[in-house]
Ligand SMILES: Nc1ncnc2c1ncn2[C@@H]1O[C@H](COP(=O)(O)OP(=O)(O)OP(=O)(O)O)[C@@H](O)[C@H]1O
């Protein structure tokens, strides 16, 4: 039997999920070992965010198991699920900040919500988190005074405010210039290691991610179609991986939505 420290922090086995009749995931196996930064990649709409929401317990699998820190989410009651969720930091697309609060108050928010810390301790903690993302000096700024890259860093500081064991990011690089993108990538890695946490991130930025992650899963058609370390991914001869990392328009994922031959459509004088 594996000891707790050898057990993956996150383990999905045979996970199926559907929105109504529409199957999104079908037999997904995936695991995140403690201390790892893992990327989930795949085309638009393939179910990456859905995977994060299943791990975060906001959605329940229709079949299979989702385990976090040895606990099977499907078996947890609301109270235990909330307790587990408190130990996860989540930064969903663009990590919207509260615009009517200062940088300091944005990071303080989860601490005020979930703890009864005295104000002086709370202040020290917020400043430590802001320091970790290089923005201690920006504590009193309004969110309107931040650049896009700075706002993302504040969102990161907020996501780690409660020292999570698992940090999840959905498209952490979206909309960033190349320099901020590099800064955020390095921060994701550094914060993970400094906190002794594990990280799962959903991203389209293959090259940035391969620099900082330990392992990558590729999702397509509801399944994991490829996986490996960055070295294995770079060396992979798998057609899907090749298409994805070289940003080719056509490959196993076709450029064209299925349609009758173009000539037939034109002859019929219809768009289909
Ligand atoms: N609440 C919902 N109800 C019904 N369908 C949904 C819902 N949320 C998402 N979907 C559909 O499920 C599929 C998977 O969505 P998901 O957001 O997980 O994809 P994704 O891989 O994260 O996409 P993207 O990279 O474009 O963000 C999409 O086709 C989406 O349209």
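Before anything else, pin down the relative contact order of segment 1-152: Cα pairs under 8 Å, at least 6 apart, normalised by residue count, whole percent.
Rounded, it is 19 percent for segment 1-152.
Between segment 193-214 and segment 42-114, what is the C-alpha centre distance in whole Å?
17
Cβ neighbours within 10 Å, averaged per peptide: list 135-141, 147-153 in order, most packed at the top.
147-153, 135-141
Calculate, in nm to one decimal, what residue 247 and residue 114 gain on full extension: separation in residues at 0.36 nm each, minus their alpha carbon distance.
The residue 247-residue 114 span can extend by a further 43.6 nm.
With each pseudo-label sitting 7 Å past Cα toward Cβ, what's the residue 79-residue 234 distance in nm, one decimal?
5.1
Hey, what angle do you get for helix 103-114 against the long axis of the chain, alpha-carbon based, 0 to 90 degrees rounded to 10?
For helix 103-114, the angle is close to 90 degrees.
For helix 178-195, report the angle its Cα long axis makes with the longest principal axis of the Cα atoms of the chain; keep it between 0 and 90° and round to the nearest 10°.
So the inclination is approximately 60 degrees.
Within 10 Å, count the other beta carbons around each residue, average over each peptide in 119-130, 205-216, 32-43, and list them highest first.
32-43, 205-216, 119-130
How far, in nm, would the chain grow between residue 262 and residue 174 when pulled straight, counting 0.36 nm per residue and subtracting the alpha carbon separation?
My answer for the length gained is 28.2 nm.
Taking the 0 to 90 degree range and rounding to the nearest ten, how far is the long axis of helix 119-132 tilted relative to the main principal axis of the chain, both from C-alpha atoms?
Between helix and principal axis, roughly 40 degrees.
Just to verify a number: FRET efficiency for residue 29 and residue 204, C-beta to C-beta distance, R0 = 22 Å, to 0.05?
E(calc), rounded to 0.05, equals 0.45.
If packing is taken as the average count of other Cβ atoms within 10 Å, what order do 168-177, 98-107 fall into, highest mean first?
168-177, 98-107
Express in nm, to one decimal, how much length is gained between residue 144 and residue 6 on full extension, taking 0.36 nm for each residue of separation and deducting their alpha carbon distance.
Going from the current span to full extension adds 45.3 nm.
How high is the relative contact order of the chain, given as a whole-number percent (alpha carbon pairs under 8 Å, six or more residues apart)?
Rounded, it is 23 percent for the chain.
Read-outs: derived from the displayed coordinates by stated rules, not from any lab. The structure displayed is predicted, hence computed values, not measured ones. Quick reminder, even Gly has a Cβ in these numbers, built from the backbone with ideal geometry, and neighbours come from all protein chains shown.
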